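Working notes, beginning with the structure itself.
The values are calculated or read from the model by the stated rules, or taken from the named source; none is laboratory data. All of these numbers come straight from a predicted model, not from anything done at the bench. Using ideal geometry, Cβ is built from the backbone for each residue, glycine included, and neighbour counts are taken over all protein chains shown. These accessible areas exclude ligands, DNA and RNA; they are computed on the full protein's heavy atoms, side chains included. Shrake-Rupley method; radii C 1.70, N 1.55, O 1.52, S 1.80 Å.
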Amino acid sequence: MSLNFFLAFLLASSIVQSQELSPKKIFLLAGQSNMVGEGGVKNNTWDMKIPPESNPSPFILRLNSNKTWFVAHEPLHNDIDTTKVCGVGPGMPFAHEVLAKDPNFGVIGLVPCAIGGTMITEWAKGTIHYTDLVERANASLRSGGKIKALLWYQGESDTQNQTDANLYKERLYKFFIDIRNDLNSPNLPIIQVALASGFNSTLEEIVRAAQLENDLPNLQTIDAKGLPLEDDGLHLSTPAQVRLGKMLADAFLNNFPKPIQ
């Protein structure tokens, strides 16, 4: 980990501690390992190489596992997905890109909720991951702010079985409807990522079609297909995660404009 990272983190922390936090624009991050981020992870070891697009900033916060706001830093999901080695994900590059393109956007609050290896059925209403997502979303609002969007990247685990792939569209649709209802936000913007990889190429295309053909209102889908992968052929590399974060930011800024004051 570079000296520049530590200096950036110390500076960001000191700025946050010295001033009252302004209202946050909150983003929920959910799904499985490519939303968690495994950029730079090889043989269960993270290389600790942090790109400039993932450096700490006093304008980017994260809700930790204790539901407390702190200055965000990689790995963003380190205390959320605790059974796996986490690396660089799309969350920090996303936030940096939003702020770069809209310097007056304000303080961004990231709420990491993703868990690697999960199937869409493990995010159904009533499951532990769904409940945690709702609880963390509600906790993020206690100090003010507004949830601006859900960033969702999941589906690789549903490419292992024909039945799961065939039912993916129906299950995904229900998840989106349920989470909007339980957050009392029927028009909550959702930006989902169409798969870059899977366990079975035929089933992967079924899941991708379900993602790309979903026509819910206020839902945008960006396609990760073609982004570079780590050696395991499943997880996005660090440069790919940086690119994905920027794609997510563009999808948000271009499709969910700020309301007229």
Residue in segment 131-141 that is within 26 Å of residue 85 (Cβ to Cβ), assigned to a loop (DSSP other than H, G, I, E, B) and either open to solvent by 40 Å² or more (accessible area, probe 1.4 Å) or at pLDDT 95 or above (or both) present: no
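Which residues, counting only those in segment 147-170, are among the β-branched types (Val, Ile, Thr) and open to solvent by 60 Å² or more (accessible area, probe 1.4 Å)? So that I can check it myself, show each step before the final result.
Our first condition is that a residue be among the β-branched types (Val, Ile, Thr); within segment 147-170, this holds for 147, 159, 163.
Across segment 147-170, the qualifying residue is only 163.
Results for (1) open to solvent by 10 Å² or more (accessible area, probe 1.4 Å); (2) more than 26 Å from residue 254 (Cα to Cα); (3) of a type in the set (A, V, I, L, M, F, W, C); (4) free of Cβ contacts under 8 Å to residues at least 12 places away in the same chain, shown as yes or no for each residue.
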residue: 47; (1), (2), (3), (4): yes, yes, no, no
residue: 75; (1), (2), (3), (4): yes, yes, no, no
residue: 89; (1), (2), (3), (4): no, no, no, no
residue: 97; (1), (2), (3), (4): yes, no, no, no
residue: 118; (1), (2), (3), (4): no, yes, no, no
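Rundown of residues vs (1) hydrophobic (A, V, I, L, M, F, W, C); (2) part of a helix (DSSP H, G or I), yes/no style:
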{"residue": "149", "(1), (2)": "yes, no"}
{"residue": "164", "(1), (2)": "no, yes"}
{"residue": "193", "(1), (2)": "yes, no"}
{"residue": "203", "(1), (2)": "yes, yes"}
{"residue": "220", "(1), (2)": "no, no"}
{"residue": "226", "(1), (2)": "no, no"}
{"residue": "231", "(1), (2)": "no, no"}
Of residues in segment 17-37 being in contact with a Phe, Trp or Tyr (Cβ under 8 Å, 6 or more places away or on another chain) and open to solvent by 10 Å² or more (accessible area, probe 1.4 Å), the one modelled with the lowest pLDDT: 21
Single match in 149, 194 (criterion: without any contact (Cβ under 8 Å) to a residue 40 or more places away in the chain and under 17 Å from residue 114 (Cβ atoms)): 194
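Which residue, of 244, 248, 212, 227, is crowded, with 18+ Cβ neighbours inside 10 Å, without any contact (Cβ under 8 Å) to a residue 40 or more places away in the chain and of a type in the set (A, V, I, L, M, F, W, C)? Working first, answer last.
Details: 244 fails: without any contact (Cβ under 8 Å) to a residue 40 or more places away in the chain; 248 fails: without any contact (Cβ under 8 Å) to a residue 40 or more places away in the chain; 212 fails: crowded, with 18+ Cβ neighbours inside 10 Å.
The conditions single out 227.
Of the residues 78, 64, which is over 22 Å from residue 227 (Cα atoms), touching an Asp or Glu at 6+ places or on another chain (Cβ under 7 Å) and not small (Gly, Ala, Ser)? It would help to see each step written out before you state the result.
Details: 78 fails: touching an Asp or Glu at 6+ places or on another chain (Cβ under 7 Å).
Unique residue meeting the criteria: 64.
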Any hit, segment 85-103, residues being more than 22 Å from residue 238 (Cα to Cα), modelled with pLDDT of 95 or more and under 13 Å from the mean Cα position of the chain (by Cα): no
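When you check residue 185 against the structure, is it without any contact (Cβ under 8 Å) to a residue 24 or more places away in the chain, among the small types (Gly, Ala, Ser), surrounded by fewer than 18 Cβ atoms within 10 Å (Cβ to Cβ) and over 28 Å from residue 74 (Cα atoms), yes or no? Give the steps one after another, and end with the answer.
Details: without any contact (Cβ under 8 Å) to a residue 24 or more places away in the chain: no; among the small types (Gly, Ala, Ser): yes; surrounded by fewer than 18 Cβ atoms within 10 Å (Cβ to Cβ): yes; over 28 Å from residue 74 (Cα atoms): yes.
No, not satisfied.
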Every residue from segment 49-69 that is assigned to a loop (DSSP other than H, G, I, E, B) and either among the acidic types (Asp, Glu) or surrounded by fewer than 18 Cβ atoms within 10 Å (Cβ to Cβ) (or both): 49, 64, 65, 66, 67, 68
Single residue of 126, 144 found to be at pLDDT below 95, farther than 21 Å from residue 241 by Cα and either more than 13 Å from the chain's Cα centre (by Cα) or open to solvent by 40 Å² or more (accessible area, probe 1.4 Å) (or both): 144
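Hey, among 118, 82, which residue is in a loop (DSSP other than H, G, I, E, B), touching a His at 6+ places or on another chain (Cβ under 7 Å) and more than 16 Å from residue 28 (Cα to Cα)?
Exactly one of 118, 82 is in a loop (DSSP other than H, G, I, E, B), touching a His at 6+ places or on another chain (Cβ under 7 Å) and more than 16 Å from residue 28 (Cα to Cα), namely 118.
Within segment 77-87, can you find the residues that are crowded, with 24+ Cβ neighbours inside 10 Å and hydrophobic (A, V, I, L, M, F, W, C)?
Initially, segment 77-87 is screened for residues crowded, with 24+ Cβ neighbours inside 10 Å, giving 77, 81, 86-87.
Listed by number, the list holds a single entry, 86.
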